[in-house]
């Protein structure tokens, strides 16, 4: 028997629309293999919130948005409310998918929506890092106290299951060190610059491909990388770190000549996030780092992201992925949702 | 409050003893973080089975075995019974850890013990691939019908969470292809041979380090690799494959000269397991394969194992690990056990 999950999808950017694309092709598979059907009872974008208890058809909704129809022009538009308001007003749903743009100042509108959902016992799956970076301990507590699921494997390296491996596969480990390349946009830009392209041209190419954050300064100034490191630290390093605990340096101070000079020595400059043991906790940093060309992270090229984790129990593990479009991040939201409900 | 898990540990070889080593140092952590205490109420090796409802002390038991004391000389020795007999005779336990040597002919003594445990609703965690390779569909069915847990992430690439990623992180994916290096012993041997060492010397060095299978022909003739491919196929390719479905070729036909000839072209010969789409299913093979030196698997060197998975939803993912001793495999049993009971 299929269990129906009444789902609110907040954010109809690249990731939100890709989630709808996946539902279009995988509904049969989700029912057969996992016994689940996701009914989209609410959608929201920057224009507003719309509610349809009977469910929005995924393909039609995606195409409308791609054809320039904002949510406020959909049937069921609820004037003047935010997603958080709708949830506070007892929107009937089982799951909130939060895929709105990262806002590191207030976390809004995502943070209020996530808080409100968890307080009502509604499970939340995030692709948006903002609420976690600003309020991780509070959101974990709300989820626990209200028996709500809270999953966010899509927030770190797209579909690479870094968060899940850290939570479920490194049981009882003492992690000695980890480091990674967590931002594919800046990794792509560094690769282009190493090949001689000026920074501005490389950035423009990254934006053209639609993978840069809505605000590209998050990518190139290292904040997106730092966000992911904060989420990792809170999730499986046992540290309640915030952005203030991370020494952050981006790639905007680098010139193509710097990268080419490293290359002549057989080295590679990468934007590296790092956590190393320091006292009872970890020293957390994000910085351009010169690596030997044979190292694992040196060979995470172009749009790849990667991580290496060294622990007492599990040896050394190395993970990387190549995505190149937002579909895997949306798929990571789907896997979180399925794991919460199946 | 700590939940006590009455645990039968079958097999006191490298992996079983490493499990005891982990308990020695992590009991406090397991209680605090996961609320679990593993009490070893039964141990078994090739000499017999011993039972102590009060629990065997992990450190003392490990040291006894390392000092040449077999199970039949422990207090609680139960003459003339196999682990399966003990479970059939209502041995009171919540969990069976199966870490006895791989037996591809009969699967015994592991297979009977696993069957009996599952039929009684006792959860099972395996490091031993034999029972899964010989009876995967039956064991999955027994677990489901009797509400018992069945986990085996330690059977594929030690602590690398291949099985868990395939099961929990590639939700709804259509896997187009995967390939990997699943046997670190043969990978180490090939590396030594590429450096000019004769096969017999390289094998002796691998055995000296204690990582070769009890029967090293499983490593070098490709069967250990094929076992892991069969487990992967059954677990997350949706194929009820057996060893008869895998075209298997080992590394015993290779000479150091072959590896060095490849090296001169910038290539590397690796023992590659591969699953590629063929009709409704997959073509499964294990064979020495010449790779370009820049490929991910070409750069899994020495004792490393690795896998790459290409799917419609999750892009391309690459995982590798470096272990070099049996501790991570034992830790993988621990994580499975914790995930089943917490």
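The values are calculated or read from the model by the stated rules, or taken from the named source; none is laboratory data. These figures come from a predicted structure and were not determined experimentally. Cβ: placed from backbone, ideal geometry, glycine included. Neighbour counts: every protein chain shown.
Within segment B:318-331, one or more residues are touching a helix residue (DSSP H, G or I) at 6+ places or on another chain (Cβ under 8 Å), more than 10 Å from chain A (Cβ to nearest Cβ) and over 19 Å from residue A:165 (Cα atoms).
Within segment A:285-299, the set of residues being in contact with a helix residue (DSSP H, G or I) (Cβ under 7 Å, 6 or more places away or on another chain) and either surrounded by 24 or more Cβ atoms within 10 Å (Cβ to Cβ) or part of a loop (DSSP other than H, G, I, E, B) (or both) comprises just one member, A:286. Provide a single number: the residues in segment A:24-43 that are more than 12 Å from chain B (Cβ to nearest Cβ) and assigned to a helix (DSSP H, G or I). Count: 1.
Could you go through segment A:194-211 and let me know if any residue there is within 18 Å of residue A:306 (Cα to Cα), at pLDDT below 95 and not assigned by TED's automatic domain parsing to the domain that holds residue A:136.
Yes: segment A:194-211 contains one or more residues that are within 18 Å of residue A:306 (Cα to Cα), at pLDDT below 95 and not assigned by TED's automatic domain parsing to the domain that holds residue A:136.
Restricting attention to segment A:300-317, the residues that are within 8 Å of chain B (Cβ to nearest Cβ) and either out of contact with any strand residue (DSSP E or B) (no Cβ under 8 Å at 6 or more places or on another chain) or assigned to a loop (DSSP other than H, G, I, E, B) (or both) total 2.
All of (1) touching a strand residue (DSSP E or B) at 6+ places or on another chain (Cβ under 8 Å); (2) surrounded by fewer than 21 Cβ atoms within 10 Å (Cβ to Cβ); (3) modelled with pLDDT under 95 hold for residue B:279 with one exception: (1). Would you mind stating whether residue B:336 is touching a helix residue (DSSP H, G or I) at 6+ places or on another chain (Cβ under 6 Å), crowded, with 22+ Cβ neighbours inside 10 Å and within 9 Å of chain A (Cβ to nearest Cβ)? In short, yes. Among the residues of segment B:134-156, those that are surrounded by 24 or more Cβ atoms within 10 Å (Cβ to Cβ) and either in the same structural domain as residue B:185 (by TED's automatic domain parsing) or out of contact with any strand residue (DSSP E or B) (no Cβ under 8 Å at 6 or more places or on another chain) (or both) comprise B:153, B:156. Selection over segment A:162-202 of residues that are facing chain B (nearest Cβ under 8 Å) and in contact with a strand residue (DSSP E or B) (Cβ under 8 Å, 6 or more places away or on another chain) gives a count of 3.
So that you can scan it fast, the table gives a plain yes or no per residue for (1) in contact with a strand residue (DSSP E or B) (Cβ under 6 Å, 6 or more places away or on another chain); (2) buried (at least 23 other Cβ atoms within 10 Å of the Cβ); (3) under 21 Å from residue B:169 (Cα atoms):
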residue	(1), (2), (3)
A:7	yes, yes, yes
A:15	no, yes, yes
A:30	yes, no, yes
A:96	yes, yes, yes
A:101	no, no, no
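Residue A:76 meets the conditions (1) closer than 23 Å to residue A:128 by Cα; (2) surrounded by 15 or more Cβ atoms within 10 Å (Cβ to Cβ); (3) away from chain B (no Cβ under 14 Å) in every case but one. The failed one is (1).
Checking each residue in segment A:59-73 for being under 22 Å from residue A:25 (Cβ atoms) and either assigned to a helix (DSSP H, G or I) or in contact with a strand residue (DSSP E or B) (Cβ under 7 Å, 6 or more places away or on another chain) (or both) picks out A:59, A:60, A:61, A:62, A:63, A:64, A:65, A:66. Checking each residue in segment A:300-321 for being buried (at least 19 other Cβ atoms within 10 Å of the Cβ) and at pLDDT below 95 picks out only A:303. Inside segment B:42-75, residues that are more than 23 Å from the chain's Cα centre (by Cα) and under 18 Å from residue B:4 (Cβ atoms) make up a count of 7. What is the one condition in (1) within 23 Å of residue A:107 (Cα to Cα); (2) buried (at least 20 other Cβ atoms within 10 Å of the Cβ) that residue A:216 does not satisfy? Only one criterion in (1) within 23 Å of residue A:107 (Cα to Cα); (2) buried (at least 20 other Cβ atoms within 10 Å of the Cβ) is unmet by residue A:216, namely (2). Just to be sure before I move on: is residue A:269 more than 14 Å from chain B (Cβ to nearest Cβ), over 29 Å from residue A:95 (Cα atoms) and at pLDDT 95 or above in the structure I sent? Taking the combined requirement at face value, the residue satisfies it.
Given (1) in contact with a helix residue (DSSP H, G or I) (Cβ under 8 Å, 6 or more places away or on another chain); (2) touching a residue at least 40 places away in the same chain (Cβ under 8 Å), where does residue A:312 come up short, assuming only one miss? Among (1) in contact with a helix residue (DSSP H, G or I) (Cβ under 8 Å, 6 or more places away or on another chain); (2) touching a residue at least 40 places away in the same chain (Cβ under 8 Å), the lone unmet condition for residue A:312 is (1).
Would you mind stating whether residue A:114 is in the same structural domain as residue A:7 (by TED's automatic domain parsing), in contact with a strand residue (DSSP E or B) (Cβ under 7 Å, 6 or more places away or on another chain) and closer than 29 Å to residue B:313 by Cβ?
Details: in the same structural domain as residue A:7 (by TED's automatic domain parsing): yes; in contact with a strand residue (DSSP E or B) (Cβ under 7 Å, 6 or more places away or on another chain): yes; closer than 29 Å to residue B:313 by Cβ: yes.
So residue A:114 passes the test.
You will find that of B:10, B:5, B:22, the residue that is touching a helix residue (DSSP H, G or I) at 6+ places or on another chain (Cβ under 7 Å), more than 23 Å from residue B:118 (Cα to Cα) and touching a residue at least 60 places away in the same chain (Cβ under 8 Å) is B:22 and no other. The residues of segment A:81-94 that are closer than 9 Å to residue A:49 by Cβ and surrounded by fewer than 21 Cβ atoms within 10 Å (Cβ to Cβ), listed by number, are A:81, A:82, A:85.
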